[in-house]
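A.B. asks: Following this message is one structure expressed as structure tokens.
The values are calculated or read from the model by the stated rules, or taken from the named source; none is laboratory data. As the structure is a prediction and not an experimental result, all values here were calculated from the model. Reconstructed Cβ throughout: ideal geometry from the backbone, glycine too, with neighbour counts over all protein chains shown. In case anyone asks, the SASA skips ligands and DNA or RNA and just uses the protein heavy atoms, side chains included. Shrake-Rupley method; radii C 1.70, N 1.55, O 1.52, S 1.80 Å.
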Amino acid sequence: MTITAPHVVGTTPALAASGVACKAGPRTVLSGVDLDVRPGEVLGLIGSNGTGKSTLLRVLAGVRPASAGEVLLAGRPLGAIRSRERARQIAFVAQEEAAPSDLLVSEMVALGRVPHARAWGGIDEASRLAVTEALHLVDLEYAAQQSMDRLSGGERRRALIARGLAQEAPLLLLDEPTNHLDIKHQLALMRLVRRLCRDLDRTAVVALHDLDLAATFCDRIAVLHAGGLFALGTPDEVLTPSVLHDAFGVLATRVTHPLTGRTHLLFSHDEREIHP
């Protein structure tokens, strides 16, 4: 089943995958993926565990090559772009990443400025400002001079996201960015991603497990299932009981929040309660 939202004529996608296949070790987890990411949008990437979300993000980021097909960055073949230039265009924050424990938080975030640094030039004023702003955006200024090994799991996650923000790349690829975050910081982070794309000319692809967060903050959602792209469209088009039943094996119904008017999902394990 594939739900396809219309492409905007005359707009070059910020990122595009054409016939892409992805491997995790020797196993092909995805194949035939055709996906356009539009400039300025937040595209959510959802799917059950093992469906290839992290692997696809790594291929889209250029961290690993596609086993088939092609990825284009603003119309250019990703494989033809040098790693330094690619790092100026794409900020990728992996799902689980061991941050260097012997660095101060500000030093770790400053690693995001490496693609912009001149040879032997050290950190300049623009980079200092970018690091300070990134820490502010993730509510972590207070920890700037703390060692990374003194942070909680949620704080370490926010520090890694700050490093990605400090890159000031127009394209953000975030793999489960809300992992380890409390609900306050989950919402704050997703509002930040939404604002960066809406107001500051960024584009984001965000892998999420929380379907309510995807429904609330994503312009479109891509569902991975059965070795491919199962559904693609707006939250209203994709987060339907039938798609959720087929892709996740769960029963769900949509409800409207009485105060915000936003659509949320209710799940049931009992087929007698909810019928997709």
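A.B. asks: If you count only protein heavy atoms with a 1.4 Å probe, what accessible area per residue comes out for region 49-120, rounded to a whole Å²? Write out the running numbers ahead of the final one.
C.D. replies: Details: 3890 Å² over 72 residues.
Accessible area per residue, region 49-120: 54 Å².
A.B. asks: Gaussian network model of the chain, Cα springs within a sub-10 Å range: biggest mean-square fluctuation belongs to which of PRO235, PRO115, PRO26?
C.D. replies: PRO26
A.B. asks: For the chain, evaluate the Debye formula with one uniform point scatterer on each Cα (no solvent term) and list log10 I(q)/I(0) at q = 0.12, 0.14 Å⁻¹, rounded to two decimals.
C.D. replies: Result of the Debye calculation: -0.76, -1.03.
A.B. asks: Which of these, LYS184, LYS53, LYS23, has the largest mean-square fluctuation under a Gaussian network model of the chain (Cα springs below 10 Å)?
C.D. replies: Of LYS184, LYS53, LYS23, the Gaussian network model singles out LYS184 as fluctuating most.
A.B. asks: Related question: Once the whole set of protein chains is in place, how much accessible area is left on HIS225, using a 1.4 Å probe, in Å² to the nearest 10?
C.D. replies: Number for this one is 60 Å².
A.B. asks: On to the next question. Of all DSSP beta bridges in the chain, what percent run antiparallel (nearest 5)?
C.D. replies: Percent antiparallel among DSSP bridges in the chain is about 60.
A.B. asks: For n ≥ 4 DSSP H runs only, could you compute -39500 (n - 2.57) per run for the chain, divide by its residues and tell me the 222 nm figure to the nearest 500?
C.D. replies: Details: 9 runs with 85 residues, N = 276.
Estimated from H runs of four or more residues: -9000 deg cm²/dmol.
A.B. asks: Amide H to amide H under 5 Å from HIS225: which residues, 5+ apart in sequence or cross-chain, H placed 1.01 Å off N in plane?
C.D. replies: Amide H neighbours of HIS225: PHE230.
A.B. asks: Moving on to the next point. Give me the base-10 log of I(q)/I(0) for region 99-148 at each q in 0.21 Å⁻¹, Debye formula, one uniform scatterer per Cα, rounded to two decimals.
C.D. replies: Result of the Debye calculation: -0.72.
A.B. asks: Over the chain, with every protein chain in place, what whole percent of the accessible area is carbon and sulfur at 1.4 Å, could you tell me? Each step should come with its number before you reach the end.
C.D. replies: On the way: 6910 of 13330 Å².
Result for the chain: 52 percent of the exposed heavy-atom area is carbon or sulfur.
A.B. asks: Using protein chains only and a probe of 1.4 angstrom, how many square angstrom of SER31 are accessible, to the nearest 10?
C.D. replies: 60 Å²
A.B. asks: Under 17 Å from a point 7 Å along the Cα-to-Cβ line of ALA74: which residues of region 166-196 have their amide N that close?
C.D. replies: 167-173
A.B. asks: Of the candidates ILE161, ILE123, ILE221, which one comes out as most mobile in a Gaussian network treatment of the chain with C-alpha springs shorter than 10 Å?
C.D. replies: Ranking ILE161, ILE123, ILE221 by mean-square fluctuation puts ILE123 first.
A.B. asks: May I pose another question? In terms of solvent-accessible area of protein heavy atoms at a 1.4 angstrom probe, what is the ranking of ASP36, ASP236, highest value first?
C.D. replies: Values: ASP36 55, ASP236 100 Å².
Descending accessible area places them as ASP236, ASP36.
A.B. asks: Continuing with this model, one more query. Report, in debye and to the nearest 20, how large the dipole of the chain comes out about its Cα centre when Lys and Arg carry +1 and Asp and Glu carry -1 on their Cβ.
C.D. replies: 620 debye
A.B. asks: Once you sort the root eigenvalues of the Cα gyration tensor of region 142-266 as a ≥ b ≥ c, which label holds: rounded (a/c under 1.5), prolate (a/b larger than b/c) or oblate (the other case)?
C.D. replies: Details: a/c = 1.87, a/b = 1.78, b/c = 1.05.
Verdict is prolate for region 142-266.
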